[in-house]
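The block underneath contains the structure these notes are about, expressed in structure tokens.
The values are calculated or read from the model by the stated rules, or taken from the named source; none is laboratory data. These numbers come from a predicted model, not from an experiment. Glycine also receives a Cβ, built like all others from the backbone with ideal geometry; neighbour counts cover every protein chain displayed.
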Amino acid sequence: MQEIARGLPVAFALWTFAAGAVVGSFLNVVIARVPKGESIVSPGSRCPRCGNPIAWFDNVPIFSWLLLRARCRRCGLSISPRYPMVELLTGVLAVAIFRQQGATWAALGYFAFAATLVALSYIDLDTWLLPHQITWPLLVAGALSPIWNPVLSFLEAGIGAVAGFAAFAAVALFGEKVLKRETMGWGDVWLLAGIGAWLGWPALLPVVLLSAVQGAVVGSLLLAVRRDRGAAPPAEPAPVSPDDDWVPPKHAVPYGPFLALGALEYLFFGERLVSGWNGLMFRLLS
């Protein structure tokens with residue numbers, strides 16, 4: 001992995017952010033439509049409240065939402081702040097990745113990887129699903145990424161994909177066959193395989209540890225907050241596939257977003273995280 005560059009020209013950084021925000025606007029469409037089995041191409045952007053088409057001048061990432069005061073021009077109903085948040089996040093990720101990798105094909109590939117993780121995270125938060133329509137192409141693209149990413153070898157990508165799949169598949173099968181309950185969703189299995197393909201097998205353990213620790217912390221905080229509210233009833237879980245009778249536990253949180261977060265943390269800070277962990281373990285064991 002290349003070291004972080006000292007900086008980007010301001011004009012290029014602004015252009016990169018704008019391009020990333022446009023991709024984020026497209027991700028909003030993916031997040032809303034893929035779980036429903038709808039086309040992400042047609043029809044064009046529509047108001048999520050009234051369904052009326054959104055004119056191009058009302059569809060400028062971030063700025064249109066601010067100028068319209070978070071409301072639809074047609075119906076006047078509020079539009080969720082999630083839309084500009086996704087656009088802002090994707091724009092920031094674009095700048096961060098190109099700042100780290102430089103203007104290279106590897107940077108473009110890693111941005112596609114990061115954007116896909118953003119879409120999967122929000123879909124998982126909404127539906128508790130990680131669609132194969134996204135995770136499988138992510139895995140294939142990761143296995144092929146050494147073509148444009150000279151830092152990663154085909155061997156590292158291949159071992160990462162197989163090991164990532166095998167590790168979580170073992171957990172899922174153990175839950176299904178032995179415990180007779182779901183301990184790991186198969187969407188998470190395919191997601192970790194894709195992460196292993198993109199980042200290589202050395203990333204798997206740090207990503208799993210980061211995701212597990214951060215997921216446990218957030219889950220504990222949410223549980224504590226809900227307990228403090230006393231009489232306030234817990235929110236109903238997001239709807240899942242009509243063909244699946246599984247219902248998320250009352251205080252659970254989906255694991256996919258934490259896997260995505262761990263993958264992004266490794267992408268940006270992998271060497272520092274590994275060296276810091278090794279240093280900590282050396283001090284504890286010495």
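When restricted to residues that are part of a loop (DSSP other than H, G, I, E, B) and at pLDDT 70 or above, the range 249-285 contains 4. Here ALA238 meets the list (1) at pLDDT below 85; (2) farther than 20 Å from LEU120 by Cα; (3) in contact with a helix residue (DSSP H, G or I) (Cβ under 6 Å, 6 or more places away or on another chain); (4) of a type in the set (A, V, I, L, M) almost entirely, failing just condition (2). A single member of TYR83, TYR110 is in contact (Cβ under 8 Å) with a residue 12 or more places away in the chain, closer than 30 Å to PRO146 by Cβ and assigned to a helix (DSSP H, G or I), and it is TYR110.
Taking the conditions exactly as written (touching a helix residue (DSSP H, G or I) at 6+ places or on another chain (Cβ under 7 Å), of a type in the set (Phe, Trp, Tyr) and under 19 Å from TYR266 (Cα atoms)), does TYR110 satisfy them or not? Judged against the criteria, TYR110 is a match. Of all residues in the range 22-47, those satisfying the criterion of being crowded, with 16+ Cβ neighbours inside 10 Å and assigned to a loop (DSSP other than H, G, I, E, B) are SER45, CYS47.
Listed conditions (1) over 25 Å from SER145 (Cα atoms); (2) at pLDDT 95 or above are all met by ASN59, apart from (2).
Only one entry of SER39, SER45 meets the criterion of being touching a Lys or Arg at 6+ places or on another chain (Cβ under 8 Å), of a type in the set (S, T, N, Q), over 15 Å from THR90 (Cβ atoms) and modelled with pLDDT of 85 or more, and that entry is SER39. Looking only at residues of the range 48-77 that are among the small types (Gly, Ala, Ser) and loosely packed, with under 13 Cβ neighbours inside 10 Å, we find that the one that is nearest to the chain's Cα centre (by Cα) is GLY51.
Looking at the range 161-186 only, could you name the residues that are part of a helix (DSSP H, G or I), surrounded by fewer than 22 Cβ atoms within 10 Å (Cβ to Cβ) and either in contact with a Gly (Cβ under 8 Å, 6 or more places away or on another chain) or in contact (Cβ under 8 Å) with a residue 24 or more places away in the chain (or both)? Reasoning before the result, please.
Taking the range 161-186 first, the residues part of a helix (DSSP H, G or I) are 161-179, 186.
Now narrow it down to the ones that are surrounded by fewer than 22 Cβ atoms within 10 Å (Cβ to Cβ): 162-163, 165-167, 169-179, 186.
Residues satisfying the conditions are VAL162, ALA163, PHE165, ALA167, ALA172.
In the range 139-155 there is at least one residue matching the filter, namely being in a helix (DSSP H, G or I) and aromatic (Phe, Trp, Tyr).
The condition of being among the aliphatic types (A, V, I, L, M), touching a Gly at 6+ places or on another chain (Cβ under 7 Å) and in the same structural domain as TRP186 (by TED's automatic domain parsing) holds for only one of LEU144, LEU120, LEU152, that being LEU152. Close contacts from the range 53-72, counting a first residue that is closer than 20 Å to THR90 by Cα and in the same structural domain as ALA21 (by TED's automatic domain parsing) and a second that is of a type in the set (Lys, Arg) and part of a loop (DSSP other than H, G, I, E, B), with Cβ to Cβ under 7 Å and a gap of 6+ residues or different chains, come to ASP58/ARG73.
Of the residues TRP198, TRP136, TRP190, the single one that is of a type in the set (A, V, I, L, M, F, W, C), assigned to a helix (DSSP H, G or I), loosely packed, with under 15 Cβ neighbours inside 10 Å and in the same structural domain as LEU273 (by TED's automatic domain parsing) is TRP136.
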